[in-house]
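K.L.:
Let me give you the structure first, and then I'll get to my questions.
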Amino acid sequence: MARKRSPSALWLHSHPSVTRKMPVCHRIFLLLCLLQFSSVYSDITDGNAEHLKREHSLIKPYQGVGTSPSSQWDFWGSTLVTSQYVRLTPDERSKQGSIWNTVPCYLKDWEMHVQFKVHGSGKKNLHGDGFAIWYTKERLHSGSVFGSSAKFHGLAIFIDTYPNDEAPDRSFPYISAMVNNGSLPYDHGKDGRSSELGGCSAEVRNKDHDTYLAIRYSKGRLTIMVDVEDRNDWKECIDFGGVRLPIGYYFGASAATGDLSDNHDIISMKMYQLMVEHTAEEDNQDWTKIEPSVSLLKSPKDNVDDPTGNFRSTPLTGWKVFLLLLCALLGIVVCAVVGAVVFQKRQERNKRFY
Ligand SMILES: [Ca+2]
C-alpha cells in the first residue's frame, strides 16, 4: 500500500489514522515491512533516505503559524488559518492570499509533499485562477502571479485551473513549473506557456478524496509528481534535468481569484531532506550564490545517464585536464614525427637533383 516512489516513513506520516487503528504487533509488522520496502527503495534511488524537516513543514493544527517572532510560517491577504486547513482564498471574487515559511531552506536535496484541496461552486470552466507553490528568494511579496510577485527569483509550480488562452491542445487544470532569475515575465494571457519548463493536465478540483503534489529537487533534477486519483500512487508530471537552484530561499504557497473563484486550501506541506552524496567539488561550491537557471542544451531524457547535470558547466577536474594535456602532447609528437619525415624526404630529393 505504500505510495509508489514514496518512502515508508513518508507514508506513515501522511496516513497516521491507518496506524492508529492497528494493534501494536500489526504496527511493528507493518513497520518492518515498510523498512524492508524502504531499503529496496533506497537501492533504487542511489541510497536516498528521507527525513521530515519540521521547520519547513506546515502540518495540522498549524501551531507554528502566526505573526509572532518565533512563528515558522506567516501569511498575508485573504489567507485564513483554521485547525483543519489553510485557506489561501475563499470562493469569492478578486481575492489574493499567501503563506510563507519564515525559515530559509539550506537543504541541497529535498522533496516537498503538498496536500491541497481546490473546490468551489463554479461549474465547467467557470472557476479560477489556481494556486502556486514557491521556492523563492522573496517572500510575502504580493503580485499578479497567483497572488505573488511576478519578478521572482527561484522556482514556481503553478496549479492553473482556468484556461486564459483557449488553446485546444491543453486541458485544464494544468500544472506547470517555471524557474526565474527575476527577468522572465509570466504571461497570464497565455497561461505562462512561454516560460514553462513543462507540465501536465490533472483533474484536481472538487474531489472527495485527498489530492497531493510532490516536488523533488536533487542534483539539478526537478521532478513533479501528482496523486489526485485516489489510487495512492504518484504519477509523474514533470521531470527536468539541468535545473540550478541556490540554497537559502523560502517555501511558500499563494493563490488568487479574479472574476471567477474557488476555495484554494493547503492541508499540509511536508518537507523531507534527501540524503544524497555530493562530490567534494560540489560541496566546495557556495550554494547560496547559485543563480536560478535551467540548462536547455539537453532534453531531460538525455540527462538520465548524467545525474550531476547541475554541475556540467563546472571547471574541469584533475584527470580531465591530464587527459587533455596527454592528447595535446601526443598531437605535438605526431606532428613533429610527420614533419621530420617530410623534411628528410625533401632533403633526399634535393640531394638527387644536385
Ligand atoms: Ca490561467
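K.L.:
Would you check which residues across the range 281-311 are at pLDDT below 50 and hydrophobic (A, V, I, L, M, F, W, C) and list them?
P.N.:
Result: V304, F311.
K.L.:
Residue by residue through the range 63-79, note down the ones that are at pLDDT 95 or above and assigned to a loop (DSSP other than H, G, I, E, B).
P.N.:
Q72, S78, T79
K.L.:
Still on this model: Every residue in the range 157-182 that is of a type outside the set (S, T, Y), more than 12 Å from the ligand (Cβ to nearest atom) and either touching a residue at least 24 places away in the same chain (Cβ under 8 Å) or not assigned by TED's automatic domain parsing to the domain that holds C105 (or both), please.
P.N.:
I157, A177, V179, N180, N181, G182
K.L.:
Okay, next question. (1) closer than 25 Å to D208 by Cα; (2) over 20 Å from the mean Cα position of the chain (by Cα): which one isn't true of H141, the others all being true?
P.N.:
Unmet for H141, out of (1) closer than 25 Å to D208 by Cα; (2) over 20 Å from the mean Cα position of the chain (by Cα): (1).
K.L.:
Quick one: would you say S195 is more than 19 Å from V226 (Cβ to Cβ), in contact with a Leu (Cβ under 6 Å, 6 or more places away or on another chain), in the same structural domain as N101 (by TED's automatic domain parsing) and more than 12 Å from the ligand (Cβ to nearest atom)?
P.N.:
Yes: the conditions hold for S195.
K.L.:
Something else now. For residues that are more than 12 Å from the ligand (Cβ to nearest atom) and under 17 Å from H56 (Cα atoms), tally how many sit in the range 125-156.
P.N.:
Counting residues in the range 125-156 that are more than 12 Å from the ligand (Cβ to nearest atom) and under 17 Å from H56 (Cα atoms) gives 11.
The values are calculated or read from the model by the stated rules, or taken from the named source; none is laboratory data. Fair warning: this is a prediction, and the values are worked out from it, not measured in the lab. When we count neighbours, we look across all protein chains shown, and the Cβ atoms used for this are built from the backbone with ideal geometry, even at glycine.
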